[in-house]
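The values are calculated or read from the model by the stated rules, or taken from the named source; none is laboratory data. For clarity, every value in this text was computed on a predicted model and none was experimentally measured. Cβ coordinates were reconstructed from backbone atoms using ideal geometry, including for glycine residues, and neighbour counts include every protein chain displayed. Calculation scope for accessible area: heavy atoms of the full protein, side chains included, ligands and nucleic acids excluded. Shrake-Rupley method; radii C 1.70, N 1.55, O 1.52, S 1.80 Å.
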Amino acid sequence: MARKRARTEVAAAVDIGSYSVHLLVARVGGHALERLHDESAFLGLGRAIDETGDLGEARAALDSTISNYAMRAWSLGASRITIVGTDPLRRAKDAPQAIQEIAASTGIEVGVLEHEEEALIALIGVQAGRAVLRDTAVVDVGGGSTEVLAVGPAREPEAAGLQLGATRLTGMYIRNDPPTAAEVAAVLGHSLLAMADAPAFSPAELVAVGGTARSLLRVGPRLANRTLTHRRVRRALTLTTVATAEVNAERYGIRLSRAGVLAAGAAILLGALDRYRLDRLRVAAGGLREGLILAASRSGESWRAELRDLARGWDR
């Protein structure tokens with residue numbers, strides 16, 4: 001890829017996910033990203049789609065949320081806003097109408113990411129646009145799906161999208177609060193089986209992306225680093241069965257909506273650790289939204305066409 005001049009700008013990224021819709025506004029230049037504003041709205045789009053196949057009435061809330069996000073980003077000086085949809089816009093029958101409504105309200109086109117694109121962007125966010133130096137598996141746990149990427153210095157990125165989101169898995173198996181031991185066993189069994197479709201690989205490191213993994217850092221004694229051992233994640237899974245989501249949210253300082261899907265999220269990460277025969281994982285500070293801002297700032301409107309090159313990293 002041709003060398004591009006690093007410049008500093010304020011940019012924003014919006015991620016429309018099954019569980020929540022996020023805004024990140026940041027000052028970016030080269031590999032450096034300074035967060036200016038981070039905001040989330042919990043719209044539950046995936047559950048609406050699971051029930052009817054459509055976004056339906058949730059489209060109005062989505063349009064209003066994105067319009068407010070655009071205004072907030074512009075007020076903070078953003079010269080570029082990148083909006084993408086993941087699992088809900090891949091699945092909803094009325095996704096084209098939702099995209100048209102957002103474009104009419106904001107003047108911004110929404111890109112619907114394929115699983116591989118989502119995984120590559122998360123990698124850029126994890127690496128802050130730098131090259132991968134050792135064999136690494138990246139697992140991005142979302143509300144409706146999980147993307148797993150295998151990559152290394154001598155290995156081209158290989159991605160798989162699994163229908164294994166924390167919210168979706170919770171809806172499939174968990175009916176009680178706190179979940180029963182049988183319900184936890186069911187989500188864990190489902191995760192272990194589904195992870196068989198992740199790329200075959202022997203990575204030196206497993207990196208977890210997303211709010212579920214960040215929340216698990218808070219469950220139990222506070223950690224000096226961002227590493228979760230297999231034992232720690234298993235312990236967190238057990239703790240979800242002894243207290244309600246409300247109690248866990250207050251006890252560990254996490255959002256109530258996140259606490260309600262924490263058992264499924266922990267089960268997905270345990271499935272990834274089992275798949276790659278590792279006893280620990282690192283929770284990334286950056287992910288999809290950081291990757292979007294970095295990629296769009298680096299390559300402008302052509303960022304999607306250059307995504308595989310961008311995922312290899314750049315020098316400056």
Express in nm, to one decimal, how much length is gained between H31 and A182 on full extension, taking 0.36 nm for each residue of separation and deducting their alpha carbon distance.
49.8 nm
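What does the charge count near A48 come to, summing +1 for each Lys or Arg and -1 for each Asp or Glu among other residues with Cβ under 11 Å from its Cβ?
Once all neighbours under 11 Å are counted, the net charge is -2.
Which whole-number value in Å² is the accessible area per residue of the chain, probe 1.4 Å?
The answer is 43 Å² per residue.
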Going by a ≥ b ≥ c, the root eigenvalues of the Cα gyration tensor, does region 144-303 fall in the rounded group (a/c under 1.5), the prolate group (a/b larger than b/c) or the oblate group?
prolate
With only helices counted (DSSP H, runs n ≥ 4, each -39500 (n - 2.57)), the per-residue ellipticity at 222 nm for the chain, to the nearest 500, works out to -12500 deg cm²/dmol
Roughly speaking, what is the stretch gain from A60 to S202, that is 0.36 nm per residue apart minus the C-alpha to C-alpha distance, in nm to one decimal?
46.6 nm
Carbon-plus-sulfur fraction of the accessible area of the chain, 1.4 Å probe, in percent?
48 percent
So, with +1 on the Cβ of K and R and -1 on the Cβ of D and E, and no other charges, what is the size of the charge dipole of the chain about its Cα centre, to the nearest 20 debye?
1300 debye
Amide N of region 33-72 lying under 18 Å from the label point, which is placed 7 angstrom from the Cα of E306 along Cα→Cβ:
33
FRET efficiency for W74 and A131, using Cβ-Cβ distance with R0 set to 41 Å, rounded to 0.05
0.75
[x] 0.95; [y] 0.92; [z] 1.15, with the label sought being that of the calculated Rg/Rh (Cα atoms, Kirkwood Rh)
[x]
Protection-proxy order for peptides 90-101, 256-267, each taking the mean of Cβ atoms within 10 Å per residue, highest first
256-267, 90-101
Just to be sure I understand the model, the point goes 7 Å from the Cα along the line to the Cβ. What's the resulting E246 to A104 distance in nm?
4.0 nm
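Quick check: residue separation of R282 and R255 times 0.36 nm, minus the Cα distance between them. What number comes out in nm?
7.6 nm
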Put +1 on the Cβ of each Lys and Arg and -1 on the Cβ of each Asp and Glu in the chain; which of L164, G286, I81 then has its Cα farthest toward the positive end of the dipole?
G286
Selection from I99, V151, V112 lying farthest towards where the dipole of region 87-235 points positive, charges on Cβ:
V151
Could you compute Rg(Cα) / (2.2 N^0.38 Å) for region 207-294, with N its residue count?
1.06
State, as an integer percentage, the relative contact order of the chain based on alpha-carbon contacts under 8 Å between residues 6 or more apart.
22 percent
